[in-house]
């Protein structure tokens with residue numbers, strides 16, 4: 001039984017990070033949480049304290065973050081991004097494009113019956129990818145340099161969701 005299931009209230013993302021992660025994973029996850037909150041991006045957590053909708057609620061968010069401390073996928077912490085259909089007109093540097101392209105998430109058909117599932121095609125910064133998850137970008141245990149790209153993508157997705165120019 002998870003230590004988080006013993007509590008009736010939801011725990012904060014920072015509390016889960018501090019309880020679950022160690023070393024660089026903890027430092028980087030806390031850095032992302034502080035960055036997100038400084039930019040008005042909320043975390044809506046589940047009751048077991050392992051997952052959070054990032055920048056909205058499940059079904060209407062920028063993505064989803066899981067903190068489970070596992071030594072294998074999807075741990076120890078992972079961020080998935082939704083709605084990443086950015087064409088080549090979005091002004092980003094090559095390093096960000098390469099980081100995004102290196103973290104595309106193939107569809108694993110993990111949610112049978114979801115209309116969003118089924119090997120989707122996404123255009124990510126002018127490059128088309130087939131057979132991707134409904135959350136087409138996935139960053140598992142990002143190191144500090146990769147986390148900087150995650151932050152930039154988070155802000156781009158926030159702007160996109162709000163209808164602001166990129």
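The values are calculated or read from the model by the stated rules, or taken from the named source; none is laboratory data. Keep in mind that what you see is a predicted model, and the values were worked out from it rather than measured. Don't worry about glycine lacking a Cβ; one is built from the backbone with ideal geometry, like all the others, and counts go over all protein chains shown.
Details
Residue-by-condition table, conditions (1) touching a strand residue (DSSP E or B) at 6+ places or on another chain (Cβ under 6 Å); (2) modelled with pLDDT of 90 or more; (3) part of a loop (DSSP other than H, G, I, E, B):
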residue	(1), (2), (3)
64	yes, yes, no
73	no, no, yes
115	no, no, yes
118	no, no, yes
123	no, no, no
128	no, no, no
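- Screening segment 94-113 for residues that are closer than 21 Å to residue 142 by Cβ, buried (at least 17 other Cβ atoms within 10 Å of the Cβ) and out of contact with any helix residue (DSSP H, G or I) (no Cβ under 7 Å at 6 or more places or on another chain) and picking the one that is modelled with the lowest pLDDT gives 105.
- Residue check for residue 80: under 18 Å from residue 145 (Cα atoms) and part of a strand (DSSP E or B): yes
- Of all residues making up segment 28-42, the number that are free of Cβ contacts under 8 Å to residues at least 24 places away in the same chain and closer than 19 Å to residue 140 by Cα: 3
- Segment 39-62: number of residues that are over 17 Å from residue 153 (Cα atoms) and assigned to a loop (DSSP other than H, G, I, E, B): 7
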